[in-house]
Amino acid sequence: MPAGIAVTGLGLVTPAGIGVAGNWERLLSGRSCATRDEALSGMPVDFSARVPDFDADDVLGGFSSWQHERFVQLGLAASRMAIEDAGWDSGTWDGTRVGIVLGNSLGGAATLEEQYDVLREAGPGRVSPLTITKYMPNMLAGSIAIDCHATGPGLAVGTACASGATAVGMARDLLRSGACDIVLAGASESALTPTVMAGLTKMGALSRHREAPEYAGRPFDAERDGFVAAEGAGVLVLERAEDAQARGAGVRALVQGYGASSDAHHATAPEPEGRGIEQALRLALEDADIAPGDVDHVNAHGTSTPMNDVIEGRMLRRVLGPRPAVTSTKGVTGHALAAAGALEAAYTVLAVQHGTVPPTANLKNQDPEIELDVVSGEPRRTRIDAAVSTSLGFGGHNAALVLTPA
């Protein structure tokens, strides 16, 4: 088996909480974070999953609420947590050897909507000079590089809902090639705006269970009808395992394999047989030198949409068989779009580290077409020697990660 890449730090800012401990506790509870959303009042879908009690100026200091769009604020907070968790001091490390690979899809959608209203109502002279820098998706990577003095490669990943997983895979490649010694990898998204939510609603992507938002997201359930839109940020600090060992760092888990592919099929629908995500998964397993039958746990993309869950479920059964303990943590957190893969990579790290699979929230009646061992009700304690996290994105982007214990 090739040497894995060490995960030495995690930072999580999600609807499940601010910090790793709070996130893990909420995941194990199996309680959804979805609630009625005042900002969406009057919309056909008026609920979401937002990060609770997040004050940017309090958490980050300075004038972050004025200077940065929310997706950057969440990412900054997660990156600082991850660096601290890894035992690094960004004020003293060699920034030339530190890379940044962070994903985002929709940028500062709230700023764009707000400033369009200003333009229409007050004219171009009143539009904010920060409009462009607050909107641009790459400002997530740029702002974090500034914040932590990282002058190595800085990359902005945009593979839709696979972005977080793609970022981790690309970061691994930078470390394997020797281009960096440390890479911050992950993603952030905060685009719960009326326009974005209206678009997702018209696409038929969102759940319509308005009567009880906390039960709306139901991955793999026979009565699922769409996902709960969410926001959040997840950042992982990655290093070569030998480097982490040499500095005496704690290693949470190893990124052992990565695979990516494109469906080349449709703008939003996954390839009907799941061939694209299957290709990515098989590549990741081959990269990790792990047989499909040796996978103990899968954190599935599991969006709670009728099409995705069946296609992904059949693919997982075809490739891995009935053995792995499967979960979809989106039942708790909702679907954080570009950030989803980063959150789920972090949650898979925690599952490997603790030997525990979180339950899939709201799974009461598993779809008979999904012949998998999906964990529900209570967390499951089990030995995890190899785990997989799968991610799919609009445009046909697929990514799969294989993680193993340190």
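Bear in mind these aren't lab numbers, they're just calculated from the coordinates by the rules spelled out. Computed from a predicted structure; not experimentally measured. Glycine gets a Cβ as well: all are built from the backbone with ideal geometry, and neighbour counts include every protein chain shown.
Tell me, rounded to the nearest percent, the portion of alpha carbon pairs in the stretch 258-404 spaced more than 19 Å apart. Provide the component values of the computation, followed by the final result.
Working: 4833 of 10731 pairs.
Summing the P(r) tail past 19 Å for the stretch 258-404 gives 45 percent.
Order by neighbour count: W93, W66, W88, fewest other Cβ atoms within 10 Å first, most last.
Details: W93 16, W66 11, W88 21.
Ascending Cβ contact count within 10 Å gives the list W66, W93, W88.
Over the chain, what is the relative contact order in percent, taking alpha-carbon pairs closer than 8 angstrom and at least six residues apart?
Numbers: 1124 pairs, mean separation 98.3, N = 406.
Relative contact order, the chain: 24 percent.
With 10 angstrom as the radius, rank L130, L60 by how many other C-beta atoms surround their C-beta, starting from the fewest. Intermediate results must be reported in sequence, preceding the final value.
Working: L130 15, L60 20.
With the fewest neighbours first, L130, L60 line up as L130, L60.
Hey, could you pull the Cα Rg and Dmax for the stretch 72-154, both in Å?
Final numbers for Rg and Dmax: 15.9, 50 Å.
Put a dot 7 Å past each Cα toward the Cβ at K202 and R31; how far apart are the dots in nm?
3.7
Need one word for the chain: rounded, prolate or oblate. Basis is the Cα gyration tensor (sqrt eigenvalues a ≥ b ≥ c); a/c below 1.5 gives rounded, then a/b vs b/c decides. Show your work: numbers first, answer last.
Values: a/c = 1.62, a/b = 1.07, b/c = 1.51.
Judged from the Cα gyration tensor, the chain comes out oblate (a/c at least 1.5, b/c at or above a/b).
Classify the stretch 245-325: rounded, prolate or oblate, from the alpha-carbon gyration tensor (a ≥ b ≥ c, eigenvalue square roots; a/c under 1.5 rounded; otherwise prolate if a/b is larger than b/c)? Could you put the intermediate results ahead of the total?
Numbers: a/c = 2.07, a/b = 1.83, b/c = 1.13.
Prolate.
Under the Karplus relation 6.51 cos²θ - 1.76 cosθ + 1.60, θ = phi - 60°, what is the ordered set of whole-Hz ³J(HN,Hα) values for the stretch 243-251, x standing for Gly and Pro?
The phi angles translate into 5, 4, 5, 5, 8, x, 7, x, 10 Hz.
Just to confirm my numbers, what's the Cα centroid distance between the stretch 54-88 and the stretch 191-236 in Å?
After rounding, the separation between the Cα centres reads 25 Å.
Pick out, in residue order, every one of the trypsin sites (Lys or Arg not before Pro) in the stretch 67-137 that is DSSP loop and has at most 11 other C-beta atoms within 10 Å; say none if there are none. Could the numbers behind the result be given before it?
On the way: sites: R70, R80, R97, R120, R126, K134; in loops: none.
Those that pass, being in a loop and sparsely packed, number zero.
For a test of the definition: using alpha carbon positions, the gyration tensor, and the 1.5 limit on a/c, classify the stretch 5-246 as rounded, prolate or oblate.
oblate
List T96, T111 from most exposed to least, where exposure is judged by having the fewest other Cβ atoms within 10 Å. Provide the component values of the computation, followed by the final result.
Numbers: T96 12, T111 22.
Ordered from fewest to most neighbouring Cβ atoms within 10 Å, T96, T111 come out as T96, T111.
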